[in-house]
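Accompanying notes for the structure given below.
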Amino acid sequence: MNLGFALGHLMAQAANTASWWKPIQASAHASSVDSLFNFIMYLCFFFFVLIIGAMIYFVVKYRRKEGVPIKTSPIKGNHTLEIVWSVIPGILLVIMFAWGFKDWLAIAVVPANAMEVRVTGQKWNWTFTYPKEGIVSPDLVVPAGQTIKLVMTSKDVLHSFYIPDFRIKRDVVPGRYSVLWFDPAEEATHQIFCTEYCGTSHSNMLSKVKVLSSEKYEQWIANGGEEEGGAGGKPIPLAEKGKKLYESRGCVACHSVDGTAKVGPSWKGAYGTAHKFADGSSLASTDENYIRESILVPGAKVVAGYPNVMPSYQGQLNDKQIESIIEYIKSLK
């Protein structure tokens, strides 16, 4: 057990519930970040009360009084006072800088034994790729007690990867790689957000960190990154798997299932119906081949009246997952 994991485990035990204004502390970073935040906040509160209190006191004490002539202050300067109010804030700023730089180094320098996961952001979902296992997942699934290194990039616009429970956040930039790391201590599920506005469905760009035990994680890897069984180990129907992919892969941000028009056409009643495309061509009946092409090469046939903004899922969805989505669309009559 490495020192970072041991520290993270102790901190998670000490702060396993969220406060009324801060989320739980689920990594070693969280306690240190919160401590610096609290130091700065209480320091600002102290000086706010001190300065505003003094200002109110002088306003009341030296307010203009009727019948009393106005006098200007005889004070020409006070070098001691000027030195005090310059040196003390300077010392406090140095403390805050040193403390913050130390914490920044701890987050920036990735431990040598970290397990690497590649993160791809695109409008409007996160994709997690496991290079050694060849698995692509809509959720970040990791084993407890293992340091995780995230190598992140974007396919389209600027995004920002944020896990509040771990107190880690970093911009995800097109054409560049950003790096983050964390050490999950206990089995739990944590929320992932995008905190950089990236378009109309920015608020739907959500995902999860699922921290599993070593045994459950190995089983997840053995299943190819998918849950093969439902409650009681029963097989999950393809349409139900497709529904889960619809929700987790960001399809919900652009395609409704109730007939409502969004960024893209609704999936309700889409299968078997005619479509007209932006290039003037048409399709008499939507079939499996068209749906598959729309997933892998979405710009090939763009439905008339809708923008060509859908990203390709080539290499992100396997044949089984595509079949599941097709079955789900077929079920939406």
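Could you check what % of the DSSP bridge pairs in the chain are antiparallel, to the nearest 5? Taking every DSSP beta bridge within the chain, about 70 percent pair in antiparallel fashion. Remark: for residue pairs Lys210/Lys333; Lys149/Lys262; Lys22/Lys210, the C-alpha separation exceeds 31 Å in Lys210/Lys333; Lys149/Lys262. Here the residues Asp279, Asp183, ranked from fewest to most Cβ neighbours within 10 Å of their Cβ, fall in the order Asp279, Asp183. Candidate values (i) 28, 48, 20, 3, 0; (ii) 25, 51, 20, 4, 0; (iii) 24, 43, 21, 10, 2 were compared with P(r) over Cα pairs in 20 Å bins from 0, in percent computed on the shown model; the agreeing label is (iii). In terms of distances greater than 20 angstrom between alpha carbons, the cross-link table entries Lys123/Lys244; Lys276/Lys301; Lys169/Lys241; Lys268/Lys330 yield Lys169/Lys241.
In terms of its alpha-carbon gyration tensor, the range 118-166 comes out oblate; a/c meets the 1.5 threshold, while b/c is at least as large as a/b.
Fully extending the segment from Ser201 to Ala222, taken as 0.36 nm per residue of separation minus the present Cα-Cα distance, adds 4.2 nm.
Residue order for Met96, Met41, Met310, Met205, fewest other beta carbons within 10 angstrom first, comes to Met41, Met96, Met310, Met205.
For the range 127-142 and the range 276-325, what is the centre-to-centre distance using only Cα atoms, to the nearest Å? So the two Cα centres are separated by 24 Å. Please identify, among Ile91, Ile163, Ile83, the residue showing maximal mean-square fluctuation in a Gaussian network model of the chain using a 10 angstrom Cα cutoff. Among Ile91, Ile163, Ile83, the largest mean-square fluctuation in the Gaussian network model of the chain belongs to Ile83.
Hydrophobic long helices, here whole DSSP H runs in the chain with Kyte-Doolittle means of at least 0.5 and Cα atoms spread over 24 Å or more along the helix axis, are found at 28-61, 79-108.
Between Glu240 and Lys262, the C-beta separation translates, for a Förster distance of 22 Å, into a calculated FRET efficiency of about 0.45. As a rough footprinting exposure proxy, the listed residues Trp85, Trp21, Trp267 were ranked by other beta carbons within 10 Å of their own, and the order from fewest upward is Trp21, Trp85, Trp267.
Secondary-structure-derived ellipticity at 222 nm for the chain, considering helices only, amounts to -12000 deg cm²/dmol, per-run term -39500 (n - 2.57) for DSSP H runs with n ≥ 4.
Between Ile91 and Ala108, the contour length at 0.36 nm per residue exceeds the Cα-Cα span by 3.6 nm.
The numbers here are math on the coordinates, done by the rules we state, and not lab data. Values in this document were obtained by computation on a predicted structure and should not be read as measured data. Cβ coordinates were reconstructed from backbone atoms using ideal geometry, including for glycine residues, and neighbour counts include every protein chain displayed.
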